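Data first, discussion second: the structure below is written as structure tokens.
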Amino acid sequence: MRLIEIIFAILIPPVGVALAFGIGKRFWISFILTLLGYIPGVIHALIVLSKPK
């Protein structure tokens, strides 16, 4: 599952975060950052996924 989360974090950042943590605060931050610019969304998603659950 971890590999799928990382792939989605690169392709569609909010989906990768949602797979790992559900639709909550982290998802919405990732969603807004992705709307503002793709790269900030990817960076945020990878940082969030790199932290232990």
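What follows draws every value from the coordinates through simple rules; no lab data is involved. The structure displayed is predicted, hence computed values, not measured ones. Cβ: placed from backbone, ideal geometry, glycine included. Neighbour counts: every protein chain shown.
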**Request:** Send over the per residue convex hull volume for the range 2-50, Cα only, as a whole number of Å³.
**Result:** 51
**Asked** Any idea how far apart MET1 and LYS25 come out in nm if each label point goes 7 Å out from Cα toward Cβ?
**Response** 2.2
**Request:** Round to the nearest 10 and give me the degree value, 0 to 90, for the angle of helix 2-11's Cα axis relative to the longest principal axis of the chain.
**Result:** 10
**Request:** Please work out the FRET efficiency for the pair LYS53 and ILE32, using the Cβ-Cβ distance as r and a Förster radius of 25 Å; give the result to the nearest 0.05.
**Result:** 0.70
**Asked** On a 0 to 90 degree scale, rounded to 10, what angle separates helix 38-50 from the longest Cα axis of the chain?
**Response** 30
**Message:** As I understand it, the value is the acute angle between the Cα axis of helix 25-36 and the longest principal axis of the Cα atoms of the chain; what does it come to in degrees, rounded to 10?
**Reply:** 40
